Amino acid sequence: MRHTNRAAEKRQPIAVDYEGRMDIVMTHALLESLFTIFSTMVNLEIQPGVPEAKQGNIAKGEVSSLIGMQAANASGSVALTLTLPTIREISRNLIGQEISTADKEAADLAGELINMLVGGAKRILSERGHDFDMQRPQLLTGEGHEIVHHHPGQTVLLPVKIGQDAFYLELNFI
């Protein structure tokens with residue numbers, strides 16, 4: 001009997017034809033990368049929530065990483081914000097030890113996750129004939145820290161559930 005992963009089975013194929021909307025193509029590649037990371041490396045089932053327009057710059061968790069992206073027809077940034085419960089859960093599964101405070105180790109975890117996320121999206125898009133550059137991630141910590149996207153577009157907040165807890169993706173593309 002062949003073992004299959006439920007999270008991987010729930011992924012839908014992503015069409016690349018969005019009438020030239022590279023921001024949507026990049027967003028879908030990021031989501032595909034996110035599902036791959038969690039189903040293969042973190043071994044946790046995730047459930048994306050309902051995206052909403054983010055109001056203000058205050059992060060919804062204790063640790064964030066922010067990375068800029070630039071393509072021929074789009075530029076923007078992606079932020080990943082982890083809450084303490086998700087830091088504990090992800091660190092146990094990904095590195096085999098629990099990180100329980102919003103410290104340098106937690107920030108490094110967020111930075112590594114965003115590098116994997118954007119690196120995976122870069123690979124996916126490259127295979128589809130698209131290319132983009134990515135910047136070095138900015139790491140942010142502390143309750144109530146701000147995430148400032150350097151583009152005038154609307155930031156979309158996407159909660160991602162792990163069991164009863166959630167972490168957050170922020171997508172800002174123009």
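See the values below:
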item: Single condition Pro152 does not satisfy, out of (1) in a helix (DSSP H, G or I); (2) more than 15 Å from Leu84 (Cβ to Cβ); result: (1)
item: Index of the failed condition, Pro159 passing every other in (1) closer than 19 Å to Met26 by Cβ; (2) at pLDDT 95 or above; (3) in contact with a Phe, Trp or Tyr (Cβ under 8 Å, 6 or more places away or on another chain); result: (1)
item: Residues that are out of contact with any helix residue (DSSP H, G or I) (no Cβ under 6 Å at 6 or more places or on another chain) and polar (S, T, N, Q), drawn from the stretch 92-139; result: Asn93, Gln97, Thr101, Asn115, Ser126, Gln135, Gln138
item: Strands (runs of 3 or more DSSP E) contained entirely in the stretch 32-145, each with at least 2 residues that are surrounded by 13 or more Cβ atoms within 10 Å (Cβ to Cβ) and modelled with pLDDT under 95; result: 63-71, 75-82, 132-134
item: Residues satisfying the stated conditions in the stretch 28-46, i.e. aliphatic (A, V, I, L, M) and closer than 12 Å to Gly120 by Cβ; result: Ala29, Leu30, Leu31, Leu34, Ile37, Met41
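The values are calculated or read from the model by the stated rules, or taken from the named source; none is laboratory data. Everything quoted here is computed from the prediction, not taken from an experiment. Quick reminder, even Gly has a Cβ in these numbers, built from the backbone with ideal geometry, and neighbours come from all protein chains shown.
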